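Only one structure is covered here, and it is reproduced in the block below.
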Amino acid sequence: MCSLSSSGGHTLQQMYGCQWEDEDGATEGYSQFGYDGADFIRLDLKNTDWVAARPQAEIIKQKWNGDQSKYWKKYLEHDCVKWIKKYARSGKISLERKVPQVSLLQTDSSSPVVCHVTGFYPDKVNISWQKDGQDLHEDVDVGETLSNHDGTFQKRAELKVTPDVWKKNQFTCVMEHKSGDPIHMILTEEKIRTNRAGNNVPGIVAGLVVAALVLIAVVVGVVMVVKRRSGNQQAKHKLELFEEIHILESQKCQDHSWKKTSLHTL
């Protein structure tokens, strides 16, 4: 039985995208269509031609192997990659320009003093302690670089020193990162943040929230521009495919009806 109802619904799906490797510059792209939940046709980007997943797609494949293949190859290997690079560059710039937050933390007077650096990107950072202008290695424990939820990083360096010692000498935390000049944080009682009542650290979180909002704004802006610029061509392409499928289904129904009529007249 063959049915093609104008009131019935059909689903045309498309999935496409591209990838770009920052290290070696390699690119990949894909474009494929599904019809009523089943694979229909896909683009072989390497050979620049379409591959039919169903017999009904053979006619469309022959029609598209030409201008449509060239259009998609150009879009996936150049236009799409260009926008990815632009987005990545914009995202990195917005993060790299954020000066890392440097804080001196201590649980109580008998605990190590922690030089805590957060909100930096990329992940390469150097944290060290100095005593009276000289690099200090003893009683210093530098932790691993950890990820934050927004794509930035954090790191800490502990200094084991008693209050009577650091009050008689000048201890300095030095932070070096590609986002700007080195930051020197001199250890004083006023600069130490503790977790005692009445002393919190909202500034550390605030900087990360701002960075996340900036990055989200960049993503939304780029996606809107890409959709606006490529939307007309993509919509035209999908409409042509849907019309082609509709014609094929109609012809199939007509052929089926003609065969039934021929059988009845024999």
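No lab work stands behind these numbers, since they all come straight from the coordinates. Being a predicted model, the structure only gives us computed values, none of them experimental. Ideal geometry is used to build each Cβ from the backbone, glycine not excepted, and the neighbour counts take in all protein chains shown.
Give me the percent relative contact order of the range 102-200, please, defined on Cα pairs under 8 angstrom at least 6 residues apart.
Details: 196 pairs, mean separation 34.1, N = 99.
Reported relative contact order: 34 percent.
Out of the trypsin sites (Lys or Arg not before Pro) in the range 3-75, which ones are loop residues according to DSSP with at most 16 other C-beta atoms within 10 Å? Display every interim value, and only then the final one.
Details: sites: R42, K46, K61, K63, K70, K73, K74; in loops: K46.
Within the range 3-75, the qualifying trypsin sites (Lys or Arg not before Pro) (loop, at most 16 other Cβ atoms within 10 Å) are K46.
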### Query
Between L187 and residues 5 or more places away or on another chain, which pairs have amide H atoms under 5 Å apart, with H built 1.01 Å from N, and which residues are they?
F171, T172, C173
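Give me the extension gain from Q32 to V142: residue separation times 0.36 nm, minus the current Cα-Cα distance, reported in nm with one decimal. Walk me through the numbers before you get to the answer.
Numbers: separation 110, 0.36 × 110 = 39.60 nm, distance 4.95 nm.
Extra length from Q32 to V142 when fully extended: 34.7 nm.
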### Query
With +1 on each Lys and Arg Cβ and -1 on each Asp and Glu Cβ, how big is the dipole of the range 102-200 about its Cα centre, in debye rounded to the nearest 20?
200 debye
### Summary
Once amide hydrogens are built 1.01 Å from N within the peptide plane, the residues lying 5 or more places from Q14 or on another chain with amide H under 5 Å from its amide H are G34
